[in-house]
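Below: one structure, written as structure tokens.
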Ligand SMILES: *Cc1c(COP(=O)(O)O)cnc(C)c1O
């Protein structure tokens with residue numbers, strides 16, 4: 001399947017105006033598709049399976065910034081720790097602690113986002129709104145995890161046609177993000193990863209500065 005060049009160029013222009021980062025989600029797609037988008041200038045790519053990410057990283061240009069956007073198991077942290085640019089889905093302090101430990105071993109500070117559960121479906125991982133504010137406050141005030149850098153929040157809205165519902169969920173995430181930023185204005189806590197192919201426009205309206213787009217760029221996944 002060819003990549004969607006026109007859609008990509010339009011998206012880049014749109015995001016430039018919004019000062020948002022595009023993470024191209026290449027999960028299930030061949031390395032050749034990543035290379036095709038790379039050739040157009042794309043550098044941030046996202047994967048949600050550790051094995052697939054590791055395999056592609058080995059094949060593809062070193063200048064790619066790899067984002068891990070899936071659910072990370074503690075025993076797999078070491079496979080991505082040496083190179084991962086940003087881990088989006090940190091859903092417990094226990095996982096954050098394990099990432100910190102791995103970072104210390106390899107002498108690297110690993111960028112992380114805390115995942116917030118904003119959707120109605122109970123299949124999606126993450127902290128709830130008050131928990132995430134407590135978790136971030138704990139990390140920043142105790143300074144317990146020197147080998148992780150908490151860079152912001154990530155969330156996934158409900159999979160629904162109801163855009164008012166999606167907007168409400170993104171606004172809730174934005175509100176948690178703002179609260180943490182206000183409490184810790186000196187921390188480099190400034191990434192709000194929300195929005196996918198179906199809802200990124202709403203996410204941008206709600207203050208997203210990082211969107212994760214797969215099918216719109218690479219075509220539908222089988
Ligand atoms: C697959 C995936 C995306 C991209 O989804 P599309 O609808 O194909 O744009 C974004 N975020 C996460 C966490 C994903 O797993």
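Some values worked out for this structure:
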item: Failed condition for residue 97, given (1) touching a residue at least 40 places away in the same chain (Cβ under 8 Å); (2) under 17 Å from residue 70 (Cα atoms); (3) assigned to a helix (DSSP H, G or I); result: (2)
item: Residue count for region 1-39, restricted to those that are part of a helix (DSSP H, G or I), touching a helix residue (DSSP H, G or I) at 6+ places or on another chain (Cβ under 6 Å) and within 16 Å of the ligand (Cβ to nearest atom); result: 3
item: Residues within region 51-69 that are buried (at least 19 other Cβ atoms within 10 Å of the Cβ) and over 14 Å from residue 29 (Cα atoms), tallied; result: 5
item: Test: residue in region 138-146 that is on the phi < 0 side of the Ramachandran plot, within 16 Å of the ligand (Cβ to nearest atom) and touching a strand residue (DSSP E or B) at 6+ places or on another chain (Cβ under 6 Å); result: no
item: Hits in region 171-198 (condition: within 13 Å of the ligand (Cβ to nearest atom) and either assigned to a loop (DSSP other than H, G, I, E, B) or modelled with pLDDT under 95 (or both)); result: 195, 196, 197, 198
item: Exclusive hit being under 19 Å from residue 22 (Cα atoms), part of a loop (DSSP other than H, G, I, E, B), free of Cβ contacts under 8 Å to residues at least 60 places away in the same chain and out of contact with any helix residue (DSSP H, G or I) (no Cβ under 6 Å at 6 or more places or on another chain), set 42, 57, 120, 115; result: 42
item: Filtered residues of region 128-170 (kept if assigned to a loop (DSSP other than H, G, I, E, B) and more than 25 Å from residue 198 (Cβ to Cβ)); result: 143, 144, 145, 146, 147
item: All positions within region 199-222 that are out of contact with any strand residue (DSSP E or B) (no Cβ under 7 Å at 6 or more places or on another chain), in contact (Cβ under 8 Å) with a residue 12 or more places away in the chain and within 11 Å of the ligand (Cβ to nearest atom); result: 199, 215, 216, 218, 219, 221
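The values are calculated or read from the model by the stated rules, or taken from the named source; none is laboratory data. Computed from a predicted model, the values in this text were never measured in an experiment. Virtual Cβ from ideal backbone geometry, glycine too; neighbours counted across all protein chains shown.
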